[in-house]
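Written below as structure tokens is the structure these notes are about.
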Amino acid sequence: MTDNAPRKPIRKAVFPVAGMGTRFLPATKAIPKEMLPVIDRPLIQYAVDEAREAGIDQLIFVTGRGKTAIVEHFDHAFELETTMKDREKSLEILEPTRIQPGNLVAVRQQVPLGLGHAIWCARTVVGDEPFAIFLPDELMIANKGSTGCMKQMVEAYNEVGGNLISVLEVPEEDVSSYGVIAPGAKHGALTEVTGLVEKPRREDAPSNLIISGRYILQPEVMRVLEGQEKGAGGEIQLTDAMAQMIGSQPFHAVTFAGKRYDCGSKTGMVEATLALALEREDMADEVRAIARRLLEAS
Ligand code: UTP
């Protein structure tokens, strides 16, 4: 199914960052998980950079208690900048943290009732337009020569409209930890989505294609979330709300040309740090030598 109506551009992105980050305790007791760095950028910065690359400049953060550091990261740091200027240090490194006035809105999710509920908390700011969602703890790094994940999705949206989710293949024994799609017809990187299920048992999973943390959704999802009952884990699940929209609106999955690192888990964070360090000209040789030395000694 393709939507032939004129497409509204994707201008807004919702970043749900109100989760408790319990897998990273005690590191995340006072610091939000999204501020944990992979090398020298916090996770939230990677997600915001990816949004801007896709032409999205209105950022909506769904925050909770103890998450103010995320908003401050994108604020003007007067004392820091003045001191750096006095010391004749370049401010270029801070450039990605600058947001046009009025382009960052923070709303509160007062109780962490799940991802679906977090998205619903942004409903009045999203209004009546399609919007993107980024889960910042899923770090999406495009293949060399490819554009970022959300840019790939926006290009697909411009073709088919409707709702899109980013997917990737995992080993069958891993499906129970994720949202899984039931796939329909496939055209290149686009697969029609005929069903969605959150954290299925391995034997019930309709495929091994899991939803990774990027979405483009139509505003109608907010109305579905409004009446949504609690699902898996006693949380209000975004996957369940999306599943209800299949059939009434086009729904496609985009297979991302790149790699996803699950930085919500400790080993995923280590993997991302190593992988990105090995890609960086300023440190690759040194890190490779360190990794070899450690492997030989272990
Ligand atoms: P996770 O399932 O990773 O949960 O949430 P979490 O609380 O962040 O981390 P753990 O499992 O306790 O370690 C996926 C995304 O949904 C957001 C999180 O911030 C994360 O971006 N989320 C989750 C909310 O914003 N609110 C919620 O109620 C739950």
For the stretch 142-251: rounded, prolate or oblate by the Cα gyration tensor [a/c cutoff 1.5]: oblate
Centre separation in Å (Cα based) which lies between the stretch 228-242 and the stretch 142-181: 21
FRET efficiency, 1/(1 + (r/R0)^6) with R0 41 Å, evaluated for Asp86 and Glu286 via beta carbons: 0.85
Pairwise Cα inverse-distance average, inverted: Kirkwood Rh of the stretch 74-183 (Å): 18.3
Phi to ³J(HN,Hα) by Karplus 6.51 cos²θ - 1.76 cosθ + 1.60 over the stretch 229-235, Hz, x for Gly, Pro: 7, 5, x, 3, x, x, 10
Sites Glu173 and Asp204 - FRET efficiency at Förster radius 22 Å, r taken between beta-carbons, to 0.05: 0.95
Partner aspartates and glutamates for Lys89 [C-alpha distance under 20 Å; skip if fewer than 8 residues away on the same chain]: Asp40, Asp75, Glu79, Glu81, Asp282
Residue with peak Gaussian network fluctuation, the chain [Cα springs, cutoff 10 Å], from Lys12, Lys89, Lys199: Lys89
Among beta bridges that DSSP assigns inside the chain, antiparallel share in %, nearest 5: 60
Neighbour-count order for Met150, Met269, fewest beta carbons within 10 angstrom listed first: Met269, Met150
Alpha-carbon centroids, the stretch 1-53 and the stretch 68-139: separation in whole Å: 9
For the stretch 215-292, convex hull of alpha carbons as volume per residue, Å³: 143
Calculated on alpha-carbon atoms, Rg and Dmax of the stretch 9-149 in Å: 15.6, 47
Label-point separation in nm, Glu220 to Leu94, each point 7 Å along Cα→Cβ: 4.6
FRET efficiency for Asp128 and Arg65, using Cβ-Cβ distance with R0 set to 22 Å, rounded to 0.05: 0.15
Net lengthening on full extension, Ala275/Glu229 (0.36 nm per residue, minus Cα-Cα): 12.6 nm
Percent RCO, i.e. relative contact order, over the chain, from Cα pairs under 8 Å lying at least 6 residues apart: 23
In Hz, Karplus ³J(HN,Hα) per residue of the stretch 193-198 (6.51, -1.76, 1.60; θ = phi - 60°; x = Gly, Pro): 9, 9, x, 9, 9, 8
Out-of-range pairs (alpha-carbon distance over 27 Å; input Lys29/Lys85; Lys151/Lys186; Lys199/Lys259; Lys151/Lys230; Lys33/Lys259): Lys29/Lys85; Lys151/Lys230
Value of [θ]222 nm, deg cm²/dmol, for the chain, DSSP H segments ≥ 4, -39500 (n - 2.57) each, nearest 500: -8500 deg cm²/dmol
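How large, in Å, is the chain by the Kirkwood hydrodynamic radius built from its alpha-carbon pairs?
For the chain, inverting the mean 1/r across all distinct Cα pairs yields 20.2 Å.
Only the coordinates and a few stated rules stand behind these numbers; no lab work does. From a predicted model like this one, the values you see are computed outputs, not experimental measurements. Heads up, the Cβs are rebuilt from the backbone with ideal geometry, glycines too, and the neighbour counts pull from every protein chain shown.
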